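Data block below; observations after.
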Amino acid sequence: MKTNEKEVSDQGKTTEDKVKEQKEQSQHDTVLSKIMEEKKSKPHLFNLNFDPQLSGRLVHIFQKTDTEIGNKKGKESDICMVGPGLHEQHAFIRQEKKHHQVFI
């Protein structure tokens, strides 16, 4: 049923609309592949969830040597998180690129 609805909606689209959608999809794929490559070589955090399909959906790659994690109530943090038990300045992460170490 869904495939039929999709085919009907695709028939109503112009060629320009279809090309535009393909470009947007390829840009999304390019960004996703860039993130996957950065995960291999740069320190990063990602989420864990009871549902395996939701694990790894949020990825924070450390671009700076000093990264602050906190909630939105205090000053602006580099990584803002929401949830019970999170403090205004919850964690401070420092990476030492010379020795390839990360300190929390």
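For segment 26-76, the set of chymotrypsin sites (Phe, Trp or Tyr not before Pro) satisfying both a DSSP loop assignment and a count of at most 16 other C-beta atoms within 10 Å is given as 50.
Pairs exceeding a 28 Å alpha-carbon distance, out of 40/64; 34/75; 40/75: 34/75; 40/75.
Which of the GluC sites (Glu not before Pro) across segment 50-94 are loop residues per DSSP, with 16 or fewer other Cβ within 10 Å?
Details: sites: 68, 76, 88; in loops: 76, 88.
Those satisfying the criteria are 76, 88.
Rolling a 1.4 Å probe over the protein chains gives residue 32 an accessible area of about 90 Å².
Under the shape rule built on the C-alpha gyration tensor, where the axes satisfy a ≥ b ≥ c, segment 41-101 is oblate, since a/c reaches at least 1.5 while a/b does not exceed b/c. Listed by chain and number, the lysines placed with their C-alpha closer than 19 angstrom to that of residue 20 are 6; residues fewer than eight positions away on the same chain are left out.
The values are calculated or read from the model by the stated rules, or taken from the named source; none is laboratory data. Source: prediction; values computed, not measured. Every residue, glycine among them, receives a Cβ derived from its backbone with ideal geometry; neighbour counts consider all protein chains shown. These accessible areas exclude ligands, DNA and RNA; they are computed on the full protein's heavy atoms, side chains included. Shrake-Rupley method; radii C 1.70, N 1.55, O 1.52, S 1.80 Å.
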